[in-house]
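Structure first, commentary second.
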Amino acid sequence: MTEHLFLYVFTAVIGAMNTWLLLVFHEFDFDSWSYNIASRILNSITLLGVLFYFSATKLNFNYDIYMICIYIINIVVLFIFSYYKRNMRIGMIVAMLIPIMILLRLFGILPLRYLLWCIIDGLGGTITK
């Protein structure tokens with residue numbers, strides 16, 4: 001359970017920072033927000049967090065629904081970036097890899113499970129087997 005909560009909170013906090021950047025600094029001006037490099041970096045980190053979640057954790061219905069919602073919101077953000085002619089190559093590649101990781105996860109293949117175990121063990125937590 002620790003790994004689900006750890007990755008969910010990490011991804012949600014980074015996504016919230018990107019939303020805060022849009023609301024406070026740019027006041028819903030999507031053009032200047034999509035031009036800002038920080039918003040593109042935060043979106044890429046959020047997508048990488050979702051990818052890491054689906055490639056390292058076992059099925060958990062409670063957190064999976066929220067992570068899929070965060071993924072869909074980030075797809076909308078990628079469409080906003082592409083509308084304003086901002087390239088997000090890393091974001092597009094990661095967005096295409098996430099459904100593949102979801103399918104691998106359904107078959108029990110978790111490619112980044114050991115890496116997650118090392119991170120959580122280094123932070124002093126425990127991981128469920």
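Sort through ILE14, ILE72, ILE68 and tell me the only one that's under 14 Å from the mean Cα position of the chain (by Cα), under 26 Å from ARG89 (Cβ atoms) and loosely packed, with under 13 Cβ neighbours inside 10 Å.
That would be ILE72, the only listed residue that is under 14 Å from the mean Cα position of the chain (by Cα), under 26 Å from ARG89 (Cβ atoms) and loosely packed, with under 13 Cβ neighbours inside 10 Å.
So, restricting to helices (runs of 4 or more DSSP H) that lie completely within region 55-129, which ones have at least 2 residues that are more than 21 Å from TYR35 (Cα to Cα), of a type in the set (Ser, Thr, Tyr) and free of Cβ contacts under 8 Å to residues at least 60 places away in the same chain?
61-83
Among the listed residues THR2, THR57, identify the single one that is surrounded by fewer than 21 Cβ atoms within 10 Å (Cβ to Cβ), within 29 Å of LEU103 (Cα to Cα) and over 12 Å from the mean Cα position of the chain (by Cα).
After applying the criteria, what remains is THR2.
Among PHE52, PHE79, PHE107, which is hydrophobic (A, V, I, L, M, F, W, C), out of contact with any strand residue (DSSP E or B) (no Cβ under 7 Å at 6 or more places or on another chain) and under 16 Å from LEU5 (Cα atoms)?
Values: PHE79 fails: under 16 Å from LEU5 (Cα atoms); PHE107 fails: under 16 Å from LEU5 (Cα atoms).
Matching residue, one of PHE52, PHE79, PHE107: PHE52.
The numbers here are math on the coordinates, done by the rules we state, and not lab data. None of the values given here were measured: they were computed from a predicted structure. Positions of Cβ are generated from backbone atoms using ideal geometry, with glycine treated the same way; all protein chains shown enter the neighbour counts.
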